[in-house]
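In what follows, a single structure is set out as structure tokens and then discussed.
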Amino acid sequence: MSQTERRFEQPALEVSAVDGDAQAAPIPESDATAHLANQDDVSLARQARQNPEAFGVLYERYVGAIYRYVYYRVGNIEDAEDLTARVFMRALKHVHNYHDRGVPFSAWLYRIAHNVVANFHRDNRRHPSVPLDDAQMELHDVHHDDADSKIDVDWQRDRLIRAIRLLPEDRQQLVVLKFVEQMQNAEIGQIMNRSEGAVKSLYHRTLAQLREVLDRIS
């Protein structure tokens, strides 16, 4: 996890306590947390309707990925932190509406994140630039031998991010999910509510448009 992600703290979770008297002896907190951590998303989402600890496990499981997604859509740390918190607070508020009907909990979270980001851009009517020092895009298996190569990589990265900002909203979403989150077309389809074939077709059109935009950016 990056330094930026480590600075991001879990939003306060306010959930009413479970009603009724427990018959069994309470599980020690450390054991209870470990027990929850070994459960799948669907079980945790079901328990999270009454148990804030279950939602906390889901939060820890996905906060890094959701933060990265939001960051690449809004372009600065402060907004990304605020909107990531908003995503999880909205998820907590509506977790009772989540049901496993072929859509993974992670896809449900990304849909919420997409709506939060879309509302943010709609309200602010702006696409902020990304400072080079703040950009967190991972360049796998790249080692910088000297300062010149590092500067060149930073410049190319900034140019790519600025180009992504100029794409339509659905294509921005696709690029981030594909290249930052490194998802397969089937996973992206679950998030974007499209068939795998439709995602593949959009992907090819997006790459062509991205190349055109890059050619116009110096």
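Annotations for the structure displayed:
- Comparison of 70, 42, 87 shows that the only residue that is among the β-branched types (Val, Ile, Thr), modelled with pLDDT under 95, within 17 Å of residue 181 (Cβ to Cβ) and assigned to a helix (DSSP H, G or I) is 70.
- Test: residue in segment 111-124 that is out of contact with any Phe, Trp or Tyr (no Cβ under 9 Å at 6 or more places or on another chain) and at pLDDT below 80: yes
Table: residues versus (1) surrounded by 14 or more Cβ atoms within 10 Å (Cβ to Cβ); (2) part of a helix (DSSP H, G or I).
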site	(1), (2)
179	yes, yes
183	yes, no
186	no, yes
190	yes, yes
194	yes, no
202	yes, yes
210	yes, yes
215	no, yes
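- Of the residues making up segment 92-100, none is under 11 Å from the mean Cα position of the chain (by Cα) and aromatic (Phe, Trp, Tyr).
- Near pairs, Cβ below 7 angstrom, 6+ apart or cross-chain, from segment 34-47 (more than 20 Å from residue 97 (Cα to Cα)) to any residue that is of a type outside the set (Val, Ile, Thr): 36/44; 36/53; 36/54
The values are calculated or read from the model by the stated rules, or taken from the named source; none is laboratory data. Values in this document were obtained by computation on a predicted structure and should not be read as measured data. Positions of Cβ are generated from backbone atoms using ideal geometry, with glycine treated the same way; all protein chains shown enter the neighbour counts.
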